Amino acid sequence: MYRKLLVIAPIFTLIVVVAGAYTRLTDSGLGCPDWPGCYGQWTAPDTAAEVARAEQRFPDAPIDSFKGWVEMIHRYLAGTLGLIILAIAASAWASRLRKPSNNADTVRDAHWLATGVLVLVAGQAMLGMFTVTLMLKPAIVTSHLLGGMLILAVLFRMAVGEFVDRGAVAIERAARLAPWAAGGVALVLGQIMLGGWVSTNYAALVCLDFPTCHGSLVPPMDFEHGFHVLRELGEAPDGSPLSHEAMTAIQWTHRVGALVITAYLGTLGVRALRVPGVRGAALGLLVLLAAQVGIGVLNVAWLLPLWLATLHNLGAALLLCAVVMLRFMVSRPARSASNARASYGAGGYGAAISDASAHASAGVTATGAASSTRVPRLPVEG
């Protein structure tokens, strides 16, 4: 059951991430003015009687059944994902470790990771509530997006650790790329956060030209107000409307971040192509990177159509998975020679060899013929 859930969970998380993006892009985040229900019930008001009750309970909240259903479907999906993750955590704690017999790369601390994801889900639920009660504050909405992506990254890492075999990887060559791949994960998460800040501040179309912005590579910008965290949606910290220069700073920074990500991940992917056993992960990363850059440019050129903006969010999620996959492929296996040495205690390999010799000697029969007992092979690095 545990392994089946590890297959389902990342896929379901992708669905929740896309549903969340669609909710945000259709301005349905306040489709229900309360939480966790919708106008005091568990479905969006549809019938005349339900609408009348909703108007009586929430006289200051306009009723839009479509936006209400978009918001509630997102909540249903997120709640289901929480139950899946709860089942994963329970199963992981029950067994402490479940892994395929031919794979030494399973995450050994799966029970702790599953518990961590469960805590993230609880935090996500709270952020979902604050998104409604605090009226779409940019900092809350962006944190909500980032939390969903973190959940996806951890679940995907647990899944690849359970199912992906790194037996063909040239470990010594691959390990040199491990810190760079970890940096790639951090950069992608940072760029996702910037993208969320663009979306939650409605700054996606503040620059209608590309690669310039308002005809300049460095247009007039207001970073202080654009990136002030503790403010309301569409407002500067003093309550005045957020200036065009502040929104330009948000969009311009996201574009610069995309340039940095493209250069960094492009270089990392090309280097990883030269490492045996890692080429597939590297190629997947490069393809998704190119697609995501292309989608971003088309969003500006085509004035942000809903389907393409939603696809851009999906692309970001898949790119995160790709760099997490590459990070896994170039990291050292959980079971290495140093681990084997530790498992034999202070005696190290000498104790292992003595133990193997004793088993071999014990297997010799009275006539001198060796039994079928085999000397165990010691695990070695790379």
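The values are calculated or read from the model by the stated rules, or taken from the named source; none is laboratory data. Predicted model, so just to flag it, every value in this text is computed and none were measured. Cβ coordinates were reconstructed from backbone atoms using ideal geometry, including for glycine residues, and neighbour counts include every protein chain displayed. Just so you know, the surface numbers come from the protein's heavy atoms only, side chains and all, with ligands and any DNA or RNA stripped out. Shrake-Rupley method; radii C 1.70, N 1.55, O 1.52, S 1.80 Å.
Take the Cβ atoms of THR212 and ARG3, set R0 to 45 Å, and the FRET efficiency comes out at 0.35. If the chain linking ASP27 and THR47 were pulled fully straight, counting 0.36 nm for each residue of separation and taking away their Cα-Cα distance, it would gain 5.0 nm.
Using 0.36 nm per residue and subtracting the Cα-Cα separation, the extra length available between TYR202 and ALA301 on full extension is 34.0 nm.
Shown in residue order for segment 304-314 are the 3J(HN,Hα) couplings computed by the Karplus curve 6.51 cos²θ - 1.76 cosθ + 1.60 at θ = phi - 60°: 6, x, 4, 5, 6, 5, 5, 4, 5, 5, 4 Hz (x for Gly and Pro). Evaluating 6.51 cos²θ - 1.76 cosθ + 1.60 at θ = phi - 60° for every residue in segment 250-261, the Karplus couplings come out as 5, 5, 4, 5, 5, 5, 5, x, 5, 5, 5, 4 Hz, glycine and proline recorded as x.
For segment 203-212, putting each phi into the Karplus relation 6.51 cos²θ - 1.76 cosθ + 1.60 with θ = phi - 60° gives couplings of 9, 5, 10, 6, 10, 9, 10, 8, x, 7 Hz, in residue order, rounded to whole numbers and with x for Gly and Pro. Share of carbon and sulfur in the accessible area of segment 1-152 stands at 68%, probe radius 1.4 Å. Annotation: amide H-H contacts under 5 Å for GLU235 (H modelled 1.01 Å from N, sequence separation of 5 or more, or interchain): LEU242.
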